[in-house]
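The values are calculated or read from the model by the stated rules, or taken from the named source; none is laboratory data. Note that the coordinates shown come from a computational prediction; the quantities given were computed from them, not determined experimentally. A quick note on method: Cβ atoms are made from the backbone with ideal geometry, for glycine too, and the neighbour counts reach across all protein chains shown.
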Amino acid sequence: MRCVLALLLLLPAVPIQARTEDRPRAREAGVTVGILRPGPLNAITDVKGVKVGHVTLPRSRDVNTGVTAILPHGGNIFQDKVPAGFVAYNAFGKFMGSTQVVELGEVETPILLTNTLNVAEAAAAAVEWTLAQPGNEEVRSVNAIVGETNDGLLNDIRARHVSIADARRAIETAAAGPVEEGAVGAGAGTVAFGFKAGIGTASRVLPASLGGWTIGVLVQANYGGVLTIAGVPVGVKLGRYDYRQQVEDRKADGSVVIVIATNAPLSDRNLRRVAERAFAGIARTGSSFSNGSGDYALAFSTAQAVRRTAERRKGVANVEDLPNDDISPIFQATIEATEEAVLNALFKAHTVEGHRGTAQALPLDKVLPMLETAP
């Protein structure tokens, strides 16, 4: 950690909108949360087959927004649906398609994230893309899945800058491999704990004795509370949190969307349980889950043994199902990966001057010494 801190101290104190790559991820800065090891990329794409795409609109003071797409696999998602579970922890928000996920327990389109007032464009893109896939020529109903958070501080959200084409490009450019984090895609204009945040991701791989499953998480972080990192009340130590004032100014409000992927063969019932545990990871970062917050989690399994293929949907089918007694390690992995994904969103994000104010990057030169000296 000392080497990273020394480098950070040498950076000039100027806006760093073009230097996202200079900021480390939490683990690169020596901040480790949890007891389980991450996957090779420490990203949701460690779950084989998962793809992520970002479209970040060209920036200006009034435009800081975009779209992020998560594809459960690279095939025809409508034909090879994946089981899924959904939880609305505090539902002050818009999560399109969630009612059908709850009812049927499956995902049939890419999962898109964007800003509050561009949900319609993202949904249209998911529908267009799905209808265009070979094999879907007779499809007459598509359940587009779109999550959102409000980026109206940094983005002129009323202008509704995101187009259907932008959202479709996020789907079409989605890829496996490393995932860009911070002020990108759907996180281009988001703020958490009063600092610039955005998209973050992390993963955990269970030891073979606990199943060897991989769990990956991606978050769109845009919420409030008392920032806590690895158990240290960083927000308090930075003098950045007056709870009364935060509530009066509604700065404690905000939202978070959590997308969880795993290769474990889980039923939609147990995937809902996994989604619910993700909020323990959010709580560890200091969230207040305030009245004005939209807090959502969606979990899906990529396991071939549980896919709802066209053949399996023709009649009674046999599918694998990890027993309840074996799921606790997946809960632990989900909590840890969610917490670290939020930290990565904050650590990687750069200062952004926006439509109605400026969101400063988390001052790592001040934060890292607090963590280094913590008991």
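For LYS48, the criteria (1) out of contact with any Gly (no Cβ under 9 Å at 6 or more places or on another chain); (2) closer than 24 Å to ARG140 by Cα hold in every case but one, which is (2). Cβ-Cβ contacts under 8 Å between residues 6 or more apart (or on different chains), taken from a first residue in the range 128-139 that is within 8 Å of PHE78 (Cβ to Cβ) to a second residue that is outside any loop (DSSP other than H, G, I, E, B), are listed as ASN136/THR130; VAL139/THR130; VAL139/LEU131. For the range 89-103, what are the residues that are in a loop (DSSP other than H, G, I, E, B) and modelled with pLDDT of 95 or more? Matches in the range 89-103: PHE95, GLY97. Of the residues making up the range 252-296, just one is touching a Lys or Arg at 6+ places or on another chain (Cβ under 8 Å) and either farther than 15 Å from TYR89 by Cα or hydroxyl-bearing (Ser, Thr, Tyr) (or both), namely ASN263. Please go through the range 142-170 and pick out each residue that is among the β-branched types (Val, Ile, Thr), surrounded by 24 or more Cβ atoms within 10 Å (Cβ to Cβ) and not in a loop (DSSP other than H, G, I, E, B). ILE145, VAL146, THR149 - these are the residues of the range 142-170 that are among the β-branched types (Val, Ile, Thr), surrounded by 24 or more Cβ atoms within 10 Å (Cβ to Cβ) and not in a loop (DSSP other than H, G, I, E, B). The residue list LEU227, LEU218 contains one member that is in a loop (DSSP other than H, G, I, E, B), buried (at least 18 other Cβ atoms within 10 Å of the Cβ) and of a type outside the set (Ser, Thr, Tyr), which is LEU227. Filtered by the rule that a residue be under 19 Å from GLY294 (Cα atoms) and surrounded by fewer than 22 Cβ atoms within 10 Å (Cβ to Cβ), the range 52-92 gives ALA88, TYR89, ASN90, ALA91, PHE92. Comparison of GLY198, GLY211, GLY185, GLY177 shows that the only residue that is of a type outside the set (D, E, K, R), at pLDDT 95 or above and touching a Pro at 6+ places or on another chain (Cβ under 8 Å) is GLY211. Against the conditions (1) buried (at least 18 other Cβ atoms within 10 Å of the Cβ); (2) without any contact (Cβ under 8 Å) to a residue 12 or more places away in the chain, SER301 satisfies every one except (2).
The condition (being modelled with pLDDT of 95 or more, of a type in the set (Gly, Ala, Ser) and not in a loop (DSSP other than H, G, I, E, B)) is satisfied by just one residue among GLY49, GLY53: GLY53. Just one of the listed residues (PHE86, PHE78) is of a type in the set (Phe, Trp, Tyr), modelled with pLDDT of 95 or more and in a loop (DSSP other than H, G, I, E, B), and it is PHE78.
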